[in-house]
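Undergrad: Handing you a structure now.
The values are calculated or read from the model by the stated rules, or taken from the named source; none is laboratory data. The structure displayed is predicted, hence computed values, not measured ones. Because the Cβ atoms are built from the backbone with ideal geometry, glycine has one as well, and the counts that use them run over all protein chains shown. All accessible areas refer to the heavy atoms of the entire protein, side chains included, with ligands and DNA or RNA removed. Shrake-Rupley method; radii C 1.70, N 1.55, O 1.52, S 1.80 Å.
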Amino acid sequence: MKRRFLQGGSVAVWLIAFLLAVLGQLRLDQSPRAAPDPLGLALYAWATLGIVWALRRSPGWLDQKGLPREEPHGAAGFRPLWLALSIGGMALAFLDSGGNRFRLAGVIAWITAVIPWFLAWWNAPLPRLPRDGLLLRGHHLALLLILALGIGFRYWDLWNLPLDVNSDHAEKLLDVRDVLNGEYRIFFPRNTGREAFQFYLAAATIRVFGMPLHKFTLQVGTAFIGVLLLPALYLLGAALWGRPGGLWTMFLGAVASWAVIPARVGLRYPFLPTFAAWSLAFLIRGLRSGKRTDFLWMGFFLGVGLYGYSPFRGMLAALPAAFLAVGLTRRIGQTRTGWRLAWDFLIGMLTALPVLAPMLRFIVDYPEIFFYRLMTRVSTWEKPIEGNPLLILADNLRRALLMFHWTGDEVYVATIPGRPMLDPIMGALLVLGGAAALLWMLHHRDPVPLAVLTAGLVMLLPSAYNLSFPRENPSTVRAAGALPAVLALAALIPAQWTAEGGPRHWRWFRWGTAALLALALIRINTDRIFREYATTYCRIALNASDAAEILRGFYAGGGPETNAFYVAYPYWFDSRLIGMWLGNIDWPYTIWHEDLPRVLEAHRRLPGPKLYLVHPEDRSTLAALRAAYPEGWWALRPRAHCEGLGILVFHAPPGSP
């Protein structure tokens, strides 16, 4: 009877602590930007104390089954011939990558560098299929369901959300067109410099599936990269907390608005969290198992990620910092096994070198281009630093640490402006999971979770080091390298809840409440993504699609394509996006404001009707058009899909004047 009472009391404290944390997060979410709500902080404090008390009385907390176990090490040596072949391939790939170009010989040498590197250092038997074949078990079905859920969140109504895009997309499409035209660059210098992975992925999508040079093609590719995040999250969570941890980490990544929205935008944003998750997952697996092969894969994904999105460069510091945090705690350098683990980690980091051979040549040849974006944020290259750099950095770090629960990104493109990065439930789970992770490390004397925490903190720096433009911090997309760590920590509480044993009625109760939690997370994030974000984005984004629709109507009514024009206006939409919607990104019929008097004089001699798209606040252009075409008329075309700024359409009839 006493045991039942204690177990029931522990369950009640679990639930009360969770509810207090959610209430605390709701208070913080609604508190003013000047200071967080004290009651919200107090509720969080009580919730943390409650969850620690409940965990210390949970029998399942003592169970670490399902975690990767340290295995006997394979051969410590290497294969010199394969290593020599890899180094030779690296040298040839480096030499043949001059002029910022991939060439066939250099690509073959590049592949020759990567594969022999693995063969030189691989010290484990190759994986084999089980003798009984592949059996579909319960957790496999759960994996497939979560994967399907994540695919649905990333691809549902992708054409319309987001519908209109910005100048960054136009720049990306020009880079993709360069690839399609045979310009195989290693690094694309347009628009302050961009890594190449997305452009080759989009070009392959166009070649294989016949898709157009369109923003939707970019979105399809980035959503796919967002889907690749999910299996990495499973590996990461399972390596930390066991199979339930893997499933919950993957589930949180499938639905979290911070993971989903940037993957739908069509820019390079999801490359950062996806490859950060893969490299971090294999680091944790290597720390658990001691297998060199895990560290090799860690280095491989580190190298691949550096072709994705520039803030990923923070992983060059995050992985060593994470390993060092665990190494100092374990005192790795004091044992022979520890030295071997450190050696294998170093080999893993060096694995990035053959993967990066072409990029290294570009860095040597064009360092000012490669580092330009970084230097404009941490130095005075573009703008003077206004204030003490150390004080700016400290304030940036403070706001970056608060972005999960209180502060938010101001940019509308990939987040809900001004809102915390996490929904109230995930925000609560992160705080409780952080406390539980600390208890886990103390109770089990297991420092491995410290590696994840360290990596997550380091990956906030790509957002926080913005000294020249501190208002850009916190950044949803530049801080996304911390997303895998955040999700893994937030998954610990529900993973422990569902992994608990006990009588059958208690298990059914735990699974039922876990199902309700999952449904609540799906519901809340569906609302955040498909209603709140969609409404805000549509209202702010510039409506080039409406402009294209007006032009199509003019063409369909018999108007000549050469007689429809867009009058540019400061901070209005990019005319190349009008062309994108019309199927010609080089659409040439833009009138620059300073050229308007001369252009209108020439247009007066054009036969047929004429049409002009004008910014609603551009009164000087409207006056010039009315003077040039006294018989013309104008109308304000409202936005087609939401509230916001419309388009003023001026019609000049045939023969006017």
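Undergrad: Amide H neighbours of R637 under 5 Å, at least 5 residues apart or on other chains, H built in the peptide plane: list them.
TA: Answer set, sorted by chain and number: I647, L648, V649.
Undergrad: Using a Förster distance of 30 angstrom, determine the FRET efficiency expected from the C-beta separation of L442 and L228, and round it to 0.05. Could you put the intermediate results ahead of the total?
TA: Values: r = 34 Å, r/R0 = 1.15.
Here the calculated transfer efficiency is 0.30.
Undergrad: Here's something else I'd like to know. Cα-based Rg of the range 326-433 per 2.2 N^0.38 Å, rounded to two decimals? If you can, show how the numbers build up before the last one.
TA: Numbers: Rg = 20.7 Å, N = 108, 2.2 N^0.38 = 13.0 Å.
Ratio of Rg to 2.2 N^0.38 Å for the range 326-433: 1.59.
Undergrad: What is the helix-to-structure angle for 138-155, meaning the angle in degrees between its Cα long axis and the longest Cα principal axis of the chain, kept from 0 to 90 and rounded to the nearest 10?
TA: 20
Undergrad: Nearest 10 degrees is fine. How inclined is helix 38-56 to the longest principal axis of the chain, computing both from alpha carbons?
TA: Rounded to the nearest ten degrees, it is 40.
Undergrad: If you don't mind, there's one more thing I want to ask. Averaging the inverse of every distinct alpha carbon separation and then flipping it gives the Kirkwood radius. What is it for the range 222-304, in angstrom units?
TA: 12.7
Undergrad: Additional query: Once Rh for the range 377-495 is found with the Kirkwood sum over Cα pairs, what is the Stokes-Einstein diffusion coefficient at 10 °C and 1.306 mPa s, in µm²/s?
TA: Numbers: Rh = 15.1 Å.
Reported coefficient: 105 µm²/s.
Undergrad: For A12 and Y372, FRET efficiency with R0 = 51 Å and r from the beta-carbon atoms, rounded to 0.05?
TA: Working: r = 57 Å, r/R0 = 1.12.
Once the sixth-power term is evaluated, E becomes 0.35.
Undergrad: Send over the per residue convex hull volume for the range 173-280, Cα only, as a whole number of Å³. Walk me through the numbers before you get to the answer.
TA: On the way: hull volume 11.3 nm³, N = 108.
Taking only Cα atoms, the range 173-280 has a hull volume of 104 Å³ per residue.
Undergrad: Would you mind pulling out the separation of the Cα centroids of the range 237-283 and the range 439-508, in Å?
TA: Answer, in whole Å: 11.
Undergrad: For the chain, what is the accessible area per residue in Å², given a 1.4 Å probe and the full set of protein chains?
TA: Ligands and nucleic acids excluded, the result is 44 Å² per residue.
Undergrad: What is the extension gain from R471 to I151, computed as 0.36 nm multiplied by their sequence separation minus the C-alpha to C-alpha distance, in nm to one decimal? Before the final figure, lay out each step's value.
TA: On the way: separation 320, 0.36 × 320 = 115.20 nm, distance 3.31 nm.
Taking 0.36 nm per residue and subtracting the Cα distance, the gain is 111.9 nm.
Undergrad: Report, in degrees rounded to the nearest 10, the 0 to 90 angle that the Cα long axis of helix 336-350 makes with the longest principal axis of the chain.
TA: Taking Cα atoms only, the helix is inclined about 10 degrees.
Undergrad: Tell me the net charge near L39. Cut-off is 13 Å between Cβ atoms, L39 excluded, with +1 for each Lys or Arg and -1 for each Asp or Glu.
TA: On the way: positive: R27; negative: D29, D37.
Around L39, the surrounding residues sum to -1.
Undergrad: Show me 612-625, 520-533 ranked by packing, highest mean number of other Cβ atoms within 10 Å first.
TA: Values: 612-625: 18.6, 520-533: 16.9.
My ranking of the peptides, most packed first, is 612-625, 520-533.
Undergrad: When the accessible area of the chain is computed with all protein chains present and a 1.4 Å probe, what percentage of it is carbon and sulfur?
TA: Values: 19070 of 28920 Å².
About 66 percent, which is the carbon plus sulfur part of the accessible surface.
Undergrad: Write down the radius of gyration of the range 541-657 and its Dmax, each obtained from C-alpha positions, in Å.
TA: When restricted to the Cα atoms of the range 541-657, Rg and Dmax are 13.2, 38 Å.
Undergrad: With a Förster radius of 25 Å, plug the Cβ-Cβ distance of R207 and N160 into 1/(1 + (r/R0)^6) and report the FRET value to the nearest 0.05.
TA: 0.45
Undergrad: What full-extension length gain, to one decimal in nm, is calculated for W339 and L95 as 0.36 nm per residue of separation minus the Cα-Cα distance? Walk me through the numbers on the way to the answer.
TA: On the way: separation 244, 0.36 × 244 = 87.84 nm, distance 3.47 nm.
Extra length available between W339 and L95 comes to 84.4 nm.
Undergrad: Here's something else I'd like to know. One-quarter of the Cα convex hull surface for the range 156-198, in nm²? Before the final figure, lay out the partial values.
TA: On the way: hull surface 14.6 nm².
With every direction weighted equally, the projected area is 3.7 nm².
Undergrad: Once you have the Cα-Cα distance between W592 and R523, take 0.36 nm times their residue separation minus that, and quote the gain in nm to one decimal. Please list the in-between numbers first.
TA: On the way: separation 69, 0.36 × 69 = 24.84 nm, distance 4.67 nm.
Full-extension gain reported as 20.2 nm.
Undergrad: On to the next question. Measure off 7 Å from each Cα along the Cα-to-Cβ vector at V599 and A514, then give the distance between these two points in nanometres to one decimal.
TA: Spacing of the two 7 Å Cα→Cβ label points: 6.2 nm.
Undergrad: For the chain, what number results from the quotient of the Cα radius of gyration and 2.2 N^0.38 Å?
TA: Working: Rg = 27.9 Å, N = 657, 2.2 N^0.38 = 25.9 Å.
Here the answer is 1.08, to two decimals.
Undergrad: If you don't mind, another one. Work out Dmax and Rg for the range 444-600 from the C-alpha atoms and quote the Rg first, both in angstrom.
TA: 26.3, 85
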